[in-house]
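Following: one structure in structure tokens, then a few remarks.
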Amino acid sequence: MKEIKIQEIEGFKIGNAQNIEGATGCTVIIAPKGASAGVDVRGGGPATRETDLLRPENMVQKIHAVLLSGGSAFGLEASSGVMEYLKELGVGFQLGELIVPIVCQASLFDLGVGDPNAYPTKAMGREACIAAQDFNFEHGNLGAGTGASVGKLLGFDHSMKSGIGSCAFQTGKLQVGAVVAVNACGDVYEPNSSKHVSGLYDPETLSFLDSEQLLVQMSETRAHENTTIGCILTNADLTKAQMKKVAMLAQDALARTIRPVHTSNDGDTVFAMASNLVEADLNAVGVLAVKALEQAIVIACKSARSAYGLRGYQDLRK
């Protein structure tokens, strides 16, 4: 197994668009030839689009894009811009003479950072698609990670800036990767360890606090501005039902790196897309998906710069 760039996974294009001043943005993952896809929603407060369509028993077998965005439910508007752009390219589900691009989406809550009235629009969704043609995708305070933050149990005075990240692996011809925007209520750790990466932070002592420990002592949790959203990408030839299982397996990565996770105040959602080019074992794809998403979560936090009054990992020791 070797690490590769997310751009190397066959069958996908990825692009960011953002409103830096407003602290919001979106990241699109386009499959021009379609992709088998599944989704798994674990958080208690999701803002999503077309997730029911991904149920294995439903008609459509392939989708054409996943959009990760800020803006909470307001940000769902951005998918319409992605649909219009893909329709113009002739990408979509054929219905007679009509073409209907199938675009799924999940939004995180970033309205408490920057401008509360700023959210991804149709125009921004289109802008992300244009960026994807040149694979204009970078980590950190960009795309869906523009307004992302972590460690919000005690409010923004103790939270840290996070962002968007990716990681990918290849073994033989099989490629599996992950893109994720980390906006968790909880803290982020190195996988399966007690080593903090980002999260609840005491600016006076310059030290991390333990969100799980504090949560069990609280009578009420008020941190509602959360949700980690991501997408697994693979060139494996797997069915829609199998990709649902990959998305379910990939949620293990959140459990290994974010504490607490999947709370009633999070809308944690993971999509999974397959470009159907290489024969592969479902379980092998699942293992690589977890590893890629674990590292993508860490990278999303480590790539974050201080912004909007929130301290970023890159400035932690300055």
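Annotations for the structure displayed:
- Pairs are defined by a Cβ separation below 7 Å, a sequence spacing of at least 6 or placement on different chains, a first member in the stretch 88-105 that is in a loop (DSSP other than H, G, I, E, B), and a second member that is open to solvent by 50 Å² or more (accessible area, probe 1.4 Å) and of a type in the set (Lys, Arg); the pairs so defined are 101/87.
- Qualifying residue in the stretch 207-221 (condition: over 30 Å from residue 65 (Cβ atoms), open to solvent by less than 10 Å² (accessible area, probe 1.4 Å) and in contact (Cβ under 8 Å) with a residue 40 or more places away in the chain): yes
- Selection within the stretch 1-29 - surrounded by 21 or more Cβ atoms within 10 Å (Cβ to Cβ) and outside any strand (DSSP E or B): 6, 9, 12, 22, 23
- Members of the stretch 280-307 found to be surrounded by fewer than 18 Cβ atoms within 10 Å (Cβ to Cβ) and farther than 14 Å from residue 176 by Cβ, listed by number: 305, 306
- Residue count for the stretch 260-279, restricted to those that are among the small types (Gly, Ala, Ser) and open to solvent by 10 Å² or more (accessible area, probe 1.4 Å): 2
- For beta carbons closer than 8 Å, sequence separation of 6+ or different chains, a first residue in the stretch 52-67 that is farther than 19 Å from residue 84 by Cβ and a second that is in a loop (DSSP other than H, G, I, E, B) and open to solvent by less than 30 Å² (accessible area, probe 1.4 Å), the qualifying pairs are 62/102.
- The set of residues from the stretch 30-53 being β-branched (Val, Ile, Thr) and buried (at least 24 other Cβ atoms within 10 Å of the Cβ) comprises 30, 39.
- Residue 56 satisfies every condition listed in (1) surrounded by fewer than 24 Cβ atoms within 10 Å (Cβ to Cβ); (2) in a strand (DSSP E or B) except (2).
- Only residues that are of a type in the set (A, V, I, L, M) and over 13 Å from residue 288 (Cα atoms) were counted across the stretch 164-178, and they come to 1.
The values are calculated or read from the model by the stated rules, or taken from the named source; none is laboratory data. Being a predicted model, the structure only gives us computed values, none of them experimental. Positions of Cβ are backbone-derived with ideal geometry, glycine not excepted, and every protein chain shown enters the neighbour counts. Please note that ligands, DNA and RNA were not included when accessible areas were found on the heavy atoms of the full protein model with its side chains. Shrake-Rupley method; radii C 1.70, N 1.55, O 1.52, S 1.80 Å.
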